[in-house]
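Chemist: Once you've had a glance at the structure underneath, I'll fire off some questions.
Derivation of every value follows stated rules applied to the coordinates shown; laboratory data play no part. This is a predicted model, so every value here is computed, not measured. Cβ placement follows ideal geometry from the backbone for every residue including glycine, while neighbour counts extend to all protein chains displayed.
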Amino acid sequence: MTALEDRTDLYGHHVETGRTSLRRVTEPDDDDLARRFRDGDEQALAVAYERWSGQLYGMAVRAFGPGPDAEDVTQQTFIAAWTGRAGYSAGSGPLPAWLVGICRHKIADVWAKRDRQRRQSEAVAADVASRPGSHDDVDTRVADRVLLLGELDQLGQPQRGIIELAFFEDLTHVQIAARTGIPLGTVKSHIRRTLERLRTRLEVDGAALQP
Amino acid sequence: MQHCSPEQLALAALREPLSATDAAHLADCAACHAEVSALRRGVDALAFPALAAPTTSLTPPPRVWDAIAAATGVSATPASHPTPVSHPTSVSHPTPEPAPLATVTRLQPRRNRWMAVAAAAALVGGVAGVVALTRDGSGQVVAATTLDPLDADDSSGTAEVRERDGVRSLQVDLEAPSLGEGYYEVWLLRPDVTGLVPLGVVHQGANVVPLPAGLDLGDYPVVDVSVEPLDGDPSHSGVSVARGSLS
Ligand SMILES: [Zn+2]
């Protein structure tokens, strides 16, 4: 009940009809694609886009709704991945997961930019002093997100994979142990150490906590 | 007083349920409670719905790829990326390489002729009203597939193999743009496209075409709908608009 997965086309050459590209291609699997991507094969960027842009754009639309911000995040994710492909390694996890991680950064960056713009526009508003501090909580979290996503990048495996499953896939520690095969006690101690590390980062560099 | 373990406090920060003993202690102990609050600030910053793993796939508009290609200088193109049909000069030159398989050499695509069809289809545009033709709902469905658009096409549909009294037919419901000239044709293909069986002309809406007796659908499971120009050439134009694999 699906389309041909490999989208095999009828001919061995490309025809720019705008309707089908008639190339006989055997689509690479994800690992092969990741290697080619890292090695700078331009076709791999196009295939990666074909394969994962829908999910990344879906993620960006969830954050911003359809529109320029979601499109910008999607394109910036692929541009950053391509220009930073030398930083991708097998230890970075599967290529799509790496792309999702970049996409999170881009989403957080847009939030932070919006927040700066909002502050600036409020600063020029005459009534800024009379406003209640209702945004302070939100401001803090926007800044924290950018900071902590950067901290996640510094984590090695399996710590990073474990905390991402907890944060982004909403798995319990029992589910994480089952999914990864890592013993329950190890999962718990990794979670504890990672949360401590994030707390430390916030205490050192984070936005000022409201009293 | 026995405090909660550091691991349990971390799980509490993640809002995992605690044992009754730990939960009762946490409710009463200011130190443990403060610890959970401190750990939770990082959780709340990151475990945020918009950052969760992607669940929904949406197709970005073509300009997103255009921007990526412009920024990276990459000349490769995703398979589904539409190429504007308004630049016919771009298809008049490069010489096609030989087809890789001798058995499909006769399927040399007729590119320039196709362009006229594509341009006509683009002019008509949109999805025309579906015209019900010769639908035959009788017989038993023995295999079926959805027909998914290929690449930028907005053609889609369903295909069902029906069998009645030992005779098989393919029922194709096709939703596709009107063609200014040319016609749609349905084929059965091998998955690797090393062979194909023409089944006949189909229209928008419901169609029934007979299947050749003895044809093994296991060998030819792929239902392919192509656009054929009115040029008297019975071979596949090379321009497929929708496909599905029978199962
Ligand atoms: Zn305590």
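Chemist: Give a residue-ordered list of calculated ³J(HN,Hα) values for segment A:144-149 (Karplus: 6.51 cos²θ - 1.76 cosθ + 1.60, θ = phi - 60°; whole Hz; x for Gly, Pro).
Modeler: 4, 4, 4, 4, 6, 4
Chemist: Using each residue's phi in segment A:169-176, evaluate 6.51 cos²θ - 1.76 cosθ + 1.60 at θ = phi - 60° and report the 3J(HN,Hα) Karplus result to the nearest Hz, with x for Gly and Pro.
Modeler: Computed from phi, the couplings for segment A:169-176 are 10, 6, 8, 6, 4, 5, 5, 4 Hz.
Chemist: If you take each beta carbon of peptide B:59-67 and count the beta carbons of other chains within 10 angstrom, what is the mean?
Modeler: 6
Chemist: Let me ask something additional. Quick check: from the Cα gyration tensor, does segment A:138-211 come out rounded (a/c under 1.5), prolate or oblate?
Modeler: Prolate, because a/c is 1.5 or more and a/b exceeds b/c.
Chemist: Please identify which residues in segment A:34-75 have an amide N closer than 14 Å to a label point set 7 Å out from the Cα of B:Ala70, following the Cα→Cβ vector.
Modeler: A:72, A:75
Chemist: While we're on this one: What's the extension gain from A:Ala97 to A:Thr186 if we count 0.36 nm per residue and subtract their Cα-Cα distance?
Modeler: 29.8 nm
Chemist: How would you classify segment B:132-247 from its alpha-carbon gyration tensor, with a ≥ b ≥ c the square roots of the eigenvalues: rounded for a/c under 1.5, else prolate if a/b is greater than b/c, otherwise oblate?
Modeler: In terms of gyration-tensor shape, prolate.
Chemist: Say each of B:Asp231 and B:Ser5 gets a label point 7 Å from the Cα, pointing the same way as Cα to Cβ; how far apart are those two points in nm?
Modeler: Going by the 7 Å Cα→Cβ label model, 7.4 nm.
Chemist: Quick check on the exposure proxy: order B:Arg243, A:Arg193 from fewest to most C-beta atoms within 10 angstrom.
Modeler: Least crowded to most crowded, the residues run A:Arg193, B:Arg243.
Chemist: Could you pull out every residue, at least 5 positions away or on a different chain, whose amide H is within less than 5 Å of the one on B:Tyr184? Hs are placed 1.01 Å off N in the peptide plane, and Pro or chain starts have none.
Modeler: B:Val202, B:Glu228
Chemist: Then there's this: Could you work out, residue by residue across A:193-202, how many beta carbons of other chains sit within 10 Å of that residue's beta carbon, and then give the average as an integer?
Modeler: Counting Cβ atoms of other protein chains within 10 Å of each residue's Cβ and averaging gives 5.
Chemist: Each residue of segment A:183-189 in turn: what ³J(HN,Hα) in whole Hz from Karplus with 6.51, -1.76, 1.60 and θ = phi - 60°, glycine and Pro shown as x?
Modeler: x, 4, x, 5, 4, 4, 6
Chemist: Using amide H atoms built 1.01 Å from N in the peptide plane, name the residues 5+ places from B:Arg168, or on other chains, whose amide H lies under 5 Å from its own.
Modeler: Hits under the 5 Å cutoff: B:Leu211.
Chemist: Starting from the amide H of B:Ala144, placed 1.01 Å from N in the peptide plane, find each other amide H under 5 Å away whose residue is 5 or more places distant or on another chain.
Modeler: Answer set, sorted by chain and number: B:Val161, B:Ser247.
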